[in-house]
Number of protein chains: 2
Amino acid sequence: MTSAPRRFAVGLDFGTNSVRALVVDVADGSEVGAHVGEYSSGDAGVLLNPRDPNLARQNPADYIEGLYSSVRRAIAAAKRKRGFGIERVIGIGVDTTGSTPIPVDRDGVPLALHAEFRRDLAAQAWLWKDHTAHAEAAEITAKAAGHPDRYLAKCGGVYSSEWYWSKILHCKRSAPKVFAAAYSWVELADFVPAFLTGKTDPHTLARGICAAGHKAMYHDGWGGLPSEPFLASLDPDLVAIRRRYAAPAVPADRKAGGLSEDVARKVGLPAGVPVAVGAFDAHMGAVGAGIKPGTLVKIIGTSTCDMMVAPMEEPLPDIPGLCGIVPGSVVPGMYGLEAGQSAVGDIFNWFASQLAPQPYTAKGDPHTNLSRAAEKIRPGQSGLLALDWNNGNRTVLVDPRLTGLLVGQTLSTSAPEVYRALVEATAFGALTIINRLEEYGVAVKDVVNCGGIAEKNPFVMQIYADVCGRPMKISHSPQTCALGAAIFGAVAGGAYRSVQSAQRKMVKAHRKVYRPRKAATAVYAELYQLYKQLHDTFGTHDHAQALAHVMKSLIAIRDRTRSE
Amino acid sequence: MTSAPRRFAVGLDFGTNSVRALVVDVADGSEVGAHVGEYSSGDAGVLLNPRDPNLARQNPADYIEGLYSSVRRAIAAAKRKRGFGIERVIGIGVDTTGSTPIPVDRDGVPLALHAEFRRDLAAQAWLWKDHTAHAEAAEITAKAAGHPDRYLAKCGGVYSSEWYWSKILHCKRSAPKVFAAAYSWVELADFVPAFLTGKTDPHTLARGICAAGHKAMYHDGWGGLPSEPFLASLDPDLVAIRRRYAAPAVPADRKAGGLSEDVARKVGLPAGVPVAVGAFDAHMGAVGAGIKPGTLVKIIGTSTCDMMVAPMEEPLPDIPGLCGIVPGSVVPGMYGLEAGQSAVGDIFNWFASQLAPQPYTAKGDPHTNLSRAAEKIRPGQSGLLALDWNNGNRTVLVDPRLTGLLVGQTLSTSAPEVYRALVEATAFGALTIINRLEEYGVAVKDVVNCGGIAEKNPFVMQIYADVCGRPMKISHSPQTCALGAAIFGAVAGGAYRSVQSAQRKMVKAHRKVYRPRKAATAVYAELYQLYKQLHDTFGTHDHAQALAHVMKSLIAIRDRTRSE
């Protein structure tokens, strides 16, 4: 008995600390080869500035090096499997972090690859979690708020310091030499496909709708990027950036081009293999986790990304606080909705590294030790309540200058109690996002979780189920982002006519379900009312509530005294 | 050249974990002998109940044992000094913790000394920091609030769970057998002089005005203890307690009696030595620190006691939130004003033991390590702000069911930053007390600090000076309580005609001054405005502010889930 020859797709997932290459069989999504390439620069791939905790950059050379080594080795691993052959690779898909814009020269080469700028932090990739541009974000928000085109209507009403234009404007002001040398700014999600295909001319390289729509205020409703007069009102030099940006932006099931001779040789694949347009890791991860209307996909790691899709046939209102509602950004042909929490695992890591006492850190993994003790505490027992804002709040408040809060401490409050309160706080944050979606008519029928914490932390996931009062499913693949990228590679390579039909074959059902426990859910419903009050009082500017300024005033005093 | 024979007084200071005996020269207060006797029962002298964190009791046998051994050894030490002789001991003064009522039998013998009650926690001394009676305190507050005699006007408007009647009423309800067996309840400050003199009949043993006025709602204005109808409205059985209570209550410069034969033999002193009426440790400590009108004396240890005196010639308004305003309670002939913070050192100890990571605890004293690192952080730099309520708030809110709060955390907040924020929070609490006194016309011209933290922690005291914007003096004697007790012994023994004249000879000027630093004071003035907002919003019931219930709701949920 003979069968049709197998076909394969490669998914490339550029994360914060490493790049993963995954080779899958397009028939069923099964993995035949994989490799993770770590970034060699900075602190686990992140360039930091000890004098500015807001700064986070990456060396573009790490992307290129990581790309070469991870694909080469993933292919080498695949070759050891029966039925694989490099001639059977039909497509490559790419996902990356974002918004991670890179200043490039006239040829689309990152400035940081030039000797002149090699050590200049402003010339590197501005990593998604860089918050140096908070003043510019506030300025853009203020200017856009009153604009007749309502540029912020699709991204929750607030423009973020993490996003494209904030970072470019901050570069102009803080590093004018780099700004002047940058011919264009290219999102990492667009840079990688351009680099793979050799089509790096800034004027023509494919700009993905995902990065454009969620981070650069791109929308067909107002003719693509914000208008030239609007950008000029921020800074006249931004107009040139707009003119060197290919429109229209395209969804990720389209082909960006074929693999270039040069890259093909370096990674051991045939030249010409179709490369799909890039998109953000979370969005492709959502596809790899089986996103469809009614299914919320949460990627839970250091932070979270929460995604839904909605059919474009029905009207969808603007939803305050969402990072974005972009047609075609997740699944082509549907609205892509993105929300997120700016810190989840990062908060647990912070506690474990800064405040966990010796008994929990001396032996074994502090998180395991703390979780084991925290698991024994019943909901409500500690009397503690926290706000999950150590890194600000993305959805629904869209305010990076919010900070953490812990209340309820006594003289016997223990480290596992605080740890549990922090986990609960992130779960309350997750529930706040679900509630916001439902308040605006987007029913959440199902929650599928992926990412490191969903994979590895039953303690956290059980609390999420209890707090949200919903089953928490865990996605089947532990590599949903790379799988999602491979799905887009398969579609771009012609194996499927649509992302949905590819999902039906390549995404398997969830692997595990955490179910809410009635008693816990009842207590958490009470605690959530208190969380919501703290959330609204410290986070919103409702005049009946007097404390919205406290965190901001503390930050102002902190910044001033630090610079004195 | 010959000089007048020297004369000596003994001060006995019954603290939370030990009793200190101090022998001083009445001419100048200099120490000639001292000994500390530890209590042998429970956890460093405190009997705990793991199932009820509010419970704190003491074994009365520890007081007696500690009294014998400490005096015997202090006298033995004094005997090695030239000029000392036991016949030259002219008086004994006693201070103790309080309110620490002890249930006694018809002869004034503690019930706990009877075999039947030896292991019964309710039959022991109810230590000052026992909070089991919070429901009864609330009931007394509610009943007294509407009473025409205004019983709470002199103790800040709120009756505390730490105080005499709350504890007795709670015993009636929770341990009726002990209540029924108790003929009377005697404050430790009254029990010790009674025991020393053998005058233990509950009907006649001297009740000090200090304990009576500050803890038992005793005031000449309404005829001593609260009226029989009022007590009966709480519980008819309280009436008998009132009838077995000697009136009028007396100040501590009066003689309670002479040292009994029995005790004299056991401690190695002549029988008949005058013993002064007892008072609370903090109050005699204030005398030992040189309290006088305009001078605030702060005893800073696990908690604080803040005391002032005011001349009785001028009218003094009731001051909301003060633990008490009692004529003659500190210095006979003056108003004694008492305020306090329910946790200071206890908060630092909590943090060091529960949340300080390994680098600060592995080697050396955690407090020293944390202070060294925290000292390098400038005011405002951490962006943190805390409320010092881990053990509730005594002055000015008088609410044991308040809890701690920390706000401003980021992902890089460090343990020394939190430690510093907690120290600053206690300083803000200290300033709130000073402000309250001054708002009601009691000018604070001078602050003298004593107690363990004032003695040993320059880091904390500098922050207090900076936050309060005032010089913080450190009292000359490190044993102000025992010295104060000795001063009362000297006055009762006839060496001086008044406490003030004894102070002039026996109390030396302060030993050290921490001066406020301008730049720090300016930043703290800003931070204090924010502290005050958190304080008022979480701590008061002003209807414009919506969060006063948050801590209470968390406690209610905690208590319920703990008991489920």
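The values are calculated or read from the model by the stated rules, or taken from the named source; none is laboratory data. None of the values given here were measured: they were computed from a predicted structure. Note that we place each Cβ from the backbone using ideal geometry, even for glycine, and neighbour counts take in every protein chain shown. Protein only, heavy atoms only, side chains kept; ligands, DNA and RNA dropped before computing areas. Shrake-Rupley method; radii C 1.70, N 1.55, O 1.52, S 1.80 Å.
Worth a mention:
- Index of the failed condition, A:S498 passing every other in (1) surrounded by fewer than 13 Cβ atoms within 10 Å (Cβ to Cβ); (2) away from every other protein chain (no Cβ under 14 Å): (1)
Yes/no per residue for (1) open to solvent by less than 60 Å² (accessible area, probe 1.4 Å); (2) touching a residue at least 12 places away in the same chain (Cβ under 8 Å); (3) within 14 Å of chain A (Cβ to nearest Cβ):
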residue: B:A490; (1), (2), (3): yes, yes, no
residue: B:G494; (1), (2), (3): yes, yes, no
residue: B:M506; (1), (2), (3): yes, yes, no
residue: B:R511; (1), (2), (3): no, yes, no
residue: B:V523; (1), (2), (3): yes, yes, yes
residue: B:E526; (1), (2), (3): no, yes, yes
residue: B:Y531; (1), (2), (3): yes, yes, yes
residue: B:L534; (1), (2), (3): yes, yes, yes
residue: B:R558; (1), (2), (3): yes, no, yes
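- Conditions (1) over 21 Å from the mean Cα position of the chain (by Cα); (2) open to solvent by less than 10 Å² (accessible area, probe 1.4 Å): number failed by A:G469: (2)
- Filtered residue count, the stretch A:343-399, keeping only those that are in contact with a Pro (Cβ under 9 Å, 6 or more places away or on another chain) and among the β-branched types (V, I, T): 4
- Residue pairs whose Cβ atoms lie under 6 Å apart, sitting 6 or more positions apart in sequence or on different chains, and linking a residue in the stretch A:263-275 that is more than 11 Å from A:V10 (Cβ to Cβ) to a partner that is small (G, A, S) and surrounded by fewer than 15 Cβ atoms within 10 Å (Cβ to Cβ), are A:A264/A:A271.
- Hits in the stretch A:76-86 - residues which are farther than 14 Å from A:D25 by Cβ and in contact with a helix residue (DSSP H, G or I) (Cβ under 7 Å, 6 or more places away or on another chain): A:I86
- Selection status of A:L554, farther than 30 Å from A:P251 by Cβ, modelled with pLDDT under 95, out of contact with any Asp or Glu (no Cβ under 9 Å at 6 or more places or on another chain) and surrounded by 21 or more Cβ atoms within 10 Å (Cβ to Cβ): yes
- If you go through the stretch B:360-371 and keep only what is without any contact (Cβ under 8 Å) to a residue 40 or more places away in the chain and more than 9 Å from every other protein chain (Cβ to nearest Cβ), you end up with B:K363, B:G364, B:D365, B:P366, B:T368, B:N369.
- If you go through the stretch A:352-374 and keep only what is within 25 Å of the chain's Cα centre (by Cα) and more than 22 Å from A:T403 (Cα to Cα), you end up with just A:H367.
- Any hit, the stretch A:163-179, residues being closer than 20 Å to A:A339 by Cβ and not aromatic (F, W, Y): yes
- Filter result for A:N390 (of a type outside the set (G, A, S) and more than 7 Å from chain B (Cβ to nearest Cβ)): no
- Unique residue being within 19 Å of A:T302 (Cα to Cα) and more than 9 Å from chain B (Cβ to nearest Cβ) when the list is A:E338, A:E439: A:E338
Yes or no, residue by residue, for (1) crowded, with 22+ Cβ neighbours inside 10 Å; (2) within 21 Å of B:R511 (Cβ to Cβ); (3) touching a strand residue (DSSP E or B) at 6+ places or on another chain (Cβ under 6 Å):
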site: B:G285; (1), (2), (3): yes, yes, yes
site: B:D318; (1), (2), (3): no, no, no
site: B:G321; (1), (2), (3): no, no, no
site: B:I325; (1), (2), (3): yes, no, yes
site: B:G336; (1), (2), (3): yes, no, yes
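- A:L397 vs. criteria modelled with pLDDT under 95, within 22 Å of A:L152 (Cα to Cα) and among the hydrophobic types (A, V, I, L, M, F, W, C): yes
- Residue count for the stretch B:536-556 satisfying the condition of being at the interface with chain A (Cβ under 7 Å from one of its Cβ atoms) and closer than 28 Å to B:P379 by Cβ: 5.
- So B:E375, is it of a type in the set (D, E, K, R) and open to solvent by 40 Å² or more (accessible area, probe 1.4 Å): yes
- Applying a threshold of 7 Å to beta carbon distances and a minimum spacing of six or more residues, or different chains, the list of pairs starting in the stretch A:461-486 at a residue that is more than 30 Å from A:L12 (Cα to Cα) and ending at one that is part of a strand (DSSP E or B) and at pLDDT 95 or above reads A:Q462/A:Y514; A:A465/A:M472; A:A465/A:Y514; A:R470/A:V447; A:P471/A:V513; A:P471/A:Y514.
- Scope the stretch B:338-351; condition over 19 Å from the mean Cα position of the chain (by Cα) and open to solvent by 10 Å² or more (accessible area, probe 1.4 Å); matching residues: B:W350
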